[in-house]
1. Hey, which of these cross-link pairs are over 22 Å Cα-Cα: 387/408; 311/419; 166/306; 94/341; 94/276; 262/363?
2. Please list, ordered by chain and number, the residues whose modelled amide H lies under 5 Å from the amide H of residue 237; skip anything fewer than 5 residues away on the same chain.
3. Report the charge-dipole magnitude of region 122-208 in Debye, nearest 20, computed about the Cα centre from +1 at each Lys and Arg Cβ and -1 at each Asp and Glu Cβ.
4. To the nearest 20 debye, what is the magnitude of the charge dipole of region 8-50 about its Cα centre, counting +1 on the Cβ of each Lys and Arg and -1 on the Cβ of each Asp and Glu?
5. Could you list log10 I(q)/I(0) for region 114-222 at q = 0.15, 0.23 Å⁻¹, which the Debye formula gives when each Cα is one point scatterer?
6. Within the chain, what whole-number % of the accessible surface is contributed by carbon and sulfur, with the 1.4 Å probe and all protein chains included in the calculation?
7. Express the accessible area of the chain per residue in Å², computed with a 1.4 Å probe while the remaining protein chains stay in the model.
8. Tilt of helix 358-381 relative to the longest C-alpha principal axis of the chain, in degrees (0 to 90, nearest 10)?
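The values are calculated or read from the model by the stated rules, or taken from the named source; none is laboratory data. As the structure is a computational prediction, the values presented were derived from the model and not from experiment. A quick note on method: Cβ atoms are made from the backbone with ideal geometry, for glycine too, and the neighbour counts reach across all protein chains shown. Just the protein is used for accessible areas: all its heavy atoms, side chains included, with ligands, DNA and RNA removed. Shrake-Rupley method; radii C 1.70, N 1.55, O 1.52, S 1.80 Å.
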Amino acid sequence: MQRTIQGFSRLSKEEKINWLAQNYLQHNPQATNILKQYWNEDQQLQQLHDEFIENTLSNFYLPLGIAPNFLINGQYYAIPMVIEESSVVAAASKAAKYWMQRGGFTAKVISTEKIGHVHFECSLPGTELAQFFNTIKAQLFADTASLTEKMEARGGGILNIELKDKTETLPQYFQLHCTFETLDAMGANFINSCLEQFATTLQREFEKAYPGQKLLVIMSILSNYLPDCRVVATVSCPVEDLSDDPAIDPHVFAKKFVEAVKIAQIEPYRAVTHNKGVMNGIDAVIIATGNDFRAIEAGVHAYAAKDGTYKSLTQAKIEDDIYHFSIDVPLALGTVGGLTKLHPLVKVNLEMLGNPDARELMKIVAVAGLAQNFAAIKSLTTTGIQKGHMKMHLMNILNQFNATPTEKTTAVAYFKKNKVSHSAVENLLQDLRK
Ligand code: MEV
């Protein structure tokens, strides 16, 4: 057995699979076939996917579902969602329909400002460095002219460059804190290229001005913490109109709902799960539209902790018998660049959304998060989460037991009236198979 290898990336896909089959998957004779089973017959399409990353072996499918009936700022959307969790799309669809009948969602972009930094060490006192920075600021802009030309022609570019003295928190640590407008691009490449040029200019000009003194560039990189690149989405209606079930008193429901959100405001254990539910909606749309869900996740959770405690991203209140529910969330998204024009399904998904610009996509994604959270809190404070969740999970359990199509039909009918659980499904199948 050979557990390590040199030059793995230079092997063909077939050779890579063979090497893994011999050295890591030797106990699973099916593994090779399973990996190849997911290859696409269309060679060109497969090659496109192979080339997204290094060392591709196969494709990893996730379902692409649709949550229709989203009414946002007076316009209808069918929202594509890529997610493996059984109940998420169903919950989003239910929330969309519920709010469509109550006036729909309103969403507003607060700003699309992006941020990046050149992090560096310098032995000069902060005041002297600040004077030097003022003398080179114009040069920093000038040296990036070729990088920014196209972005500026479209109305974006570098917004500002500031020097920040961080020496109180880390000796000799300074930053160039830079802000950008990248329009419909998420902008990572544009921002990082500008930052690297700033670093080169900074170093060069410093060495000219202060021979013998030390300035050490540590790194140049965008920040995924973008507290201003935010969207606010809201729903509201008279408390009276909240109930969609005669068994639920709308006033009790509204009170419990608001209390549930308040708990997530003050109790981090609950806030994390609460926000996880929000991210069920957000991530699913982010992936479907070819955006970077890790960047969004990192930024969203940092924002949720901005006051020093981790808190809910959503707020709820009742004022003058009107129920209000809203989300305030940072979302740096792109509708051009990255995978958006490369992945054929991403293109279709964006088309389904009417080819939104980045600001419109930010609104749609925020609404998906709010809808998901609404659905979760509604279930949690009324029926409990398991009823709907297990209903949607039924197919997965049946598949785990290799249920036949007939068994599935019988089980679906049976569980319309009975509570779904893993053991209840197992018992039913045992009875059917007797
Ligand atoms: C499950 O994926 C998400 C929930 O736990 C969210 C919540 O508790 O609010 C249902």
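1. 311/419; 94/341; 262/363
2. HN-HN under 5 Å from residue 237: 323.
3. The calculated dipole for region 122-208 is roughly 40 debye.
4. For this selection, approximately 180 debye.
5. Results for region 114-222 at q = 0.15, 0.23 Å⁻¹ read -0.59, -1.25.
6. 53 percent
7. I get 52 Å² per residue for this part.
8. Value to nearest ten degrees: 40.
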